[in-house]
Amino acid sequence: MVHQTGDIPHYEGIAHAKVRLRYHLIFATKYRKRALIGIEDAVVASFREVESRSNFRIHEIGVGNGDHIHLLVSFKPSLSLASVVRRMKTMTTISLWGSHSAHLGKTYWGSKRRLWSGGYFCATVGEINEDVVTRYVRNQ
């Protein structure tokens, strides 16, 4: 694949290596409840806040049908996927319950403040299909 000037992907220099890692992540809400409907902007803002306080970059965010979120993310290979996912889920849950407890309380009741299911989807994204994945996430 030939890249024109301006289309050259950014490779991050780490010690004696150059890397370009992209991950397509999907988090579903607990029990696939459509709890994100009506607070989509707050969900995006919450993820952006976590990003600003972390060592990863969110390239695209798409809230789909109110019951899941798509993310196109990059981070250094020294971080584990599990630690990045755990940080995102934990911090956004705390943030969104703090700012939208009345809304989320209609869907999730009891003393445990739930938001995300325990699992997640992850696929690596190469240079060839990054534009396709970016458009897909953007159009959720």
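The values are calculated or read from the model by the stated rules, or taken from the named source; none is laboratory data. None of these values were measured; they are calculated from a predicted model. Quick reminder, even Gly has a Cβ in these numbers, built from the backbone with ideal geometry, and neighbours come from all protein chains shown. We work out accessible area using only protein heavy atoms, side chains counted, and drop any ligands, DNA or RNA first. Shrake-Rupley method; radii C 1.70, N 1.55, O 1.52, S 1.80 Å.
From the residues in region 98-122 that are open to solvent by 80 Å² or more (accessible area, probe 1.4 Å) and touching a strand residue (DSSP E or B) at 6+ places or on another chain (Cβ under 8 Å), which one is nearest to Lys30 (Cα to Cα)? Applying the filter and picking the extreme gives Tyr120. The conditions are (1) open to solvent by 20 Å² or more (accessible area, probe 1.4 Å); (2) over 17 Å from Asn129 (Cα atoms); (3) over 14 Å from the mean Cα position of the chain (by Cα), and Ile39 fails exactly one of them. Which is it? Condition (1) is where Ile39 drops out.
Kindly evaluate Thr134 against the criterion of being touching an Asp or Glu at 6+ places or on another chain (Cβ under 8 Å), part of a helix (DSSP H, G or I) and in contact (Cβ under 8 Å) with a residue 12 or more places away in the chain. So Thr134 fits the description; yes. Screening Gly66 on (1) assigned to a loop (DSSP other than H, G, I, E, B); (2) on the phi > 0 side of the Ramachandran plot; (3) open to solvent by 50 Å² or more (accessible area, probe 1.4 Å) shows it passes everything except condition (3).
Inspect region 27-35 for any residue being open to solvent by less than 60 Å² (accessible area, probe 1.4 Å), at pLDDT below 90 and either of a type in the set (Phe, Trp, Tyr) or in a strand (DSSP E or B) (or both) and give the result as yes or no. Among the residues of region 27-35, not one is open to solvent by less than 60 Å² (accessible area, probe 1.4 Å), at pLDDT below 90 and either of a type in the set (Phe, Trp, Tyr) or in a strand (DSSP E or B) (or both), which makes the answer no. Can you find a residue that is farther than 19 Å from Arg138 by Cα, touching a strand residue (DSSP E or B) at 6+ places or on another chain (Cβ under 8 Å) and not acidic (Asp, Glu) anywhere in region 40-53? Within region 40-53, not a single residue is farther than 19 Å from Arg138 by Cα, touching a strand residue (DSSP E or B) at 6+ places or on another chain (Cβ under 8 Å) and not acidic (Asp, Glu). Among the conditions (1) surrounded by fewer than 16 Cβ atoms within 10 Å (Cβ to Cβ); (2) free of Cβ contacts under 8 Å to residues at least 60 places away in the same chain, Lys76 misses just one, which is (2). Among the candidates Arg53, Arg57, Arg48, the residue that is over 13 Å from the mean Cα position of the chain (by Cα) and at pLDDT 95 or above is uniquely Arg53.
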